[in-house]
1. Going by the conditions given, is Glu46 among the charged types (D, E, K, R), in contact (Cβ under 8 Å) with a residue 40 or more places away in the chain and touching a strand residue (DSSP E or B) at 6+ places or on another chain (Cβ under 9 Å)?
2. If you scan segment 37-51, which residues turn out to be part of a loop (DSSP other than H, G, I, E, B) and not aliphatic (A, V, I, L, M)?
3. Taking segment 12-36 as the region of interest, how many residues are outside any strand (DSSP E or B) and either among the hydroxyl-bearing types (Ser, Thr, Tyr) or in contact with a Cys (Cβ under 6 Å, 6 or more places away or on another chain) (or both)?
4. Checking Arg61 against (1) part of a loop (DSSP other than H, G, I, E, B); (2) loosely packed, with under 13 Cβ neighbours inside 10 Å; (3) without any contact (Cβ under 8 Å) to a residue 24 or more places away in the chain, which single condition isn't satisfied?
5. Mind checking which pairs have a first residue in segment 1-26 that is under 11 Å from Gln41 (Cα atoms) and among the acidic types (Asp, Glu) and a second that is crowded, with 18+ Cβ neighbours inside 10 Å and modelled with pLDDT under 90, Cβ under 6 Å, 6 or more apart or different chains?
6. Can you pull out every residue in segment 1-56 that is closer than 24 Å to Gln67 by Cα and among the hydroxyl-bearing types (Ser, Thr, Tyr)?
Amino acid sequence: MKFVVVHTNCDCASGKTIRRNRSWNFGPRCPHCYRILGPMQYTIHEEISAKNLDEAYRKWREIKDGQRKR
């Protein structure tokens with residue numbers, strides 16, 4: 001499965017989350033208020049191939065820690 005790391009910037013909060021795919025029509029939903037985000041309110045950072053969501057979080061953490069050590 002493909003997962004994407006999405007940085008959201010909503011009126012209520014901002015942060016990074018992992019979504020299962022990019023099959024949304026307008027944009028992903030905010031993880032806090034569940035509002036549909038517009039094109040200026042989110043950016044896609046990376047795509048990760050993983051079997052499930054837990055493995056995707058683990059791989060993303062490894063990538064993030066590897067970038068921090070450089």
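1. Judged against the criteria, Glu46 is a match.
2. Passing the criteria: Gly38, Pro39, Gln41, Lys51.
3. Within segment 12-36, residues that are outside any strand (DSSP E or B) and either among the hydroxyl-bearing types (Ser, Thr, Tyr) or in contact with a Cys (Cβ under 6 Å, 6 or more places away or on another chain) (or both) number 6.
4. Evaluating Arg61 over (1) part of a loop (DSSP other than H, G, I, E, B); (2) loosely packed, with under 13 Cβ neighbours inside 10 Å; (3) without any contact (Cβ under 8 Å) to a residue 24 or more places away in the chain leaves (1) as the failure.
5. From segment 1-26, no pairs qualify.
6. Within segment 1-56, Thr8, Ser14, Thr17, Tyr42, Thr43, Ser49 meet the criteria.
One line per residue, one yes/no per condition, for (1) at pLDDT 85 or above; (2) in contact with a helix residue (DSSP H, G or I) (Cβ under 6 Å, 6 or more places away or on another chain); (3) surrounded by fewer than 12 Cβ atoms within 10 Å (Cβ to Cβ):
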site: Asp11; (1), (2), (3): yes, no, yes
site: Ser49; (1), (2), (3): yes, no, yes
site: Leu53; (1), (2), (3): yes, no, no
site: Gly66; (1), (2), (3): no, no, yes
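The values are calculated or read from the model by the stated rules, or taken from the named source; none is laboratory data. Owing to the predicted nature of the structure, the values given are computational and were not obtained by experimental measurement. Counting neighbours? That spans all protein chains shown, and the Cβs are built from the backbone with ideal geometry, glycine included.
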